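The values are calculated or read from the model by the stated rules, or taken from the named source; none is laboratory data. Since we're looking at a predicted model, the values are computed, not measured. All Cβ positions, glycine included, derive from the backbone under ideal geometry; neighbour counts span all protein chains shown. Heads up: the accessible areas ignore ligands, DNA and RNA and are worked out on the full protein's heavy atoms, side chains in. Shrake-Rupley method; radii C 1.70, N 1.55, O 1.52, S 1.80 Å.
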Amino acid sequence: MKRGYRLLGWALLLFGAPSACSGGHVGAASSSGASASAGEGGGAATGTGEGGGAVVGAGEGGGAAVGAGEGGGVAVGAGAGPSGECAALAPGPFEPALVTDGFIGSEDFAFDGRGYLVAKQGPNLVRFDATGRTSNFASLPGPPGPVPGLRYRPDGTLVAALPNQGAVVQISTTGMVDDYVTGLTDPNGLAPDALGNVWATDLAGDRVIRLNPDATIDEIASGAPEVSGPNGIVFDPARWAVFYTNSSAGEIRKIDLNNPGEPPSLVVTVASSVLDGLVLDTCGHLYTVDNENRKLYRVRLDAGGAALGEAELLARFPTGVANAQFGAGPGFDARTLYVGGAAGSIYAVAVGIGGAPVPAPPEAP
C-alpha cells in the first residue's frame, strides 16, 4: 500500500474545497404512534420508531446555505445566520433517553442512513436498528481494543481507528476489512469529507492529519500547546476549517485552512473537562462530549467560527460517554443527538436541530 508523509502547505488551497455533501433523506423520528414532519427540502423517509408506531420524516431544507467561494474556499450563505430555527434553539438541559446498552468497548458509532447504527461489540462491528435487532457486520483484525473513531465515507465504506495497532482500517459495504493507513502513533477521531479524504487526530502524536484516498498523510498541525492530546475532530467545508478538541486541556481549537501555517486558534475552553467527540449542527454550532464528567455541551459559533459565549451544558449522563452523532436513516431522529461511549450505552438527546451534512453511503436502489 502506498504511504507517504508530506506537509500540507499552499497546495491545500490549490486543491480546492470540497462541496458540502447532500444530506439525502433524513431519518424518521423515534416515537410511539404515527408521526410526521416536513422540511422545506428533501424527500420523505419512512421507518418504524422505537415505540413500534409508523413514522414518517422529510428531509430538511433549512440551515446553512453553502456555495463555492472564488478563492477555493466555501462561502456561507444567508441561511447560516441566527434566524429562524437557528435563532430559537432550545437552551437545554435535556433529559437523555437510553437507546441501547449493548456496545461495550465502542467509543464511537456511525449511522449508515439506511436504518442502521453501527458500533463495536467485542471483536466485531455490529449493526443495530431502531427496533433493537442486531446483526454482525464485520470482524476487526488483531487483538481486541477500542475503536475511538468510526465514520462512513461517501462511497459507503467505513473507516475505523485502531489505536492499539496504530492503524486506520477500511470496511467495505460487504464487511471486508483492509488496511487503509498504518504506522500512526495513536489514531483517534475521524472526519471524512466529500472527496474521500479522512481528517484525523493522532492523540499521542499531538498531530492533526489528513488521510488521503491514496493512503498518504498530510500533517495539518502539530505540537503542544496548540495540538496537545487531540481527540474529537470535525471538518467544516462551509468555513473551510477543521475543529478539534485538545482533550485534557478542555479546549476546542480551529484550524483555518484558508491560511496554511497559521497556528490553530482557541475557540473555547470548558473548565475541568476532558473533551472527546465533536459534531457540527446545521446552524454551524459545535457539540462536544466531556467524557470525564459525562456531559454534553453546545458551543454557538459565529460565521467565522468564533465562539458566541461560553459552552452551554445540554445533558448529563448516568454512564460514560465519548462521542455524539446526529441521527440518520429510518427509525432514527435527524434532529436528535445520539451520544455513546465505551461503557456500552447509547443515549438520545432531542436537541431540536439537525446536523450539518456529512458523508453517507449511497441510497439503496
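When we screen Ala342, Ala360, Ala303 for residues that are in contact with a helix residue (DSSP H, G or I) (Cβ under 8 Å, 6 or more places away or on another chain) and assigned to a loop (DSSP other than H, G, I, E, B), the only hit is Ala303. The residues in the stretch 80-125 that are in a loop (DSSP other than H, G, I, E, B), touching a Phe, Trp or Tyr at 6+ places or on another chain (Cβ under 7 Å) and open to solvent by 60 Å² or more (accessible area, probe 1.4 Å) can be counted, and the count is 1.
So that you can scan it fast, the table gives a plain yes or no per residue for (1) crowded, with 24+ Cβ neighbours inside 10 Å; (2) aliphatic (A, V, I, L, M); (3) under 26 Å from Val274 (Cα atoms):
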{"position": "Asp179", "(1), (2), (3)": "no, no, no"}
{"position": "Gly205", "(1), (2), (3)": "no, no, yes"}
{"position": "Ala215", "(1), (2), (3)": "no, yes, no"}
{"position": "Ala224", "(1), (2), (3)": "no, yes, yes"}
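For Asn164, the requirement of being open to solvent by 30 Å² or more (accessible area, probe 1.4 Å), free of Cβ contacts under 8 Å to residues at least 60 places away in the same chain, under 27 Å from Leu140 (Cβ atoms) and not charged (D, E, K, R) is met.
The selection criterion, being modelled with pLDDT under 95, open to solvent by less than 10 Å² (accessible area, probe 1.4 Å) and either of a type in the set (Gly, Ala, Ser) or more than 15 Å from the chain's Cα centre (by Cα) (or both), does not hold for Gly340. Would you confirm, using the coordinates I've provided, whether Gly229 is surrounded by fewer than 23 Cβ atoms within 10 Å (Cβ to Cβ) and under 25 Å from Ala343 (Cα atoms)? Considered against the rule, which asks whether it is surrounded by fewer than 23 Cβ atoms within 10 Å (Cβ to Cβ) and under 25 Å from Ala343 (Cα atoms), Gly229 comes out as yes. Number of residues in the stretch 138-161 that are closer than 21 Å to Ala343 by Cβ and either open to solvent by 10 Å² or more (accessible area, probe 1.4 Å) or over 19 Å from the mean Cα position of the chain (by Cα) (or both) equals 6. When the criteria are applied in full, Arg298 fails the requirement of being open to solvent by 50 Å² or more (accessible area, probe 1.4 Å) and at pLDDT 95 or above.
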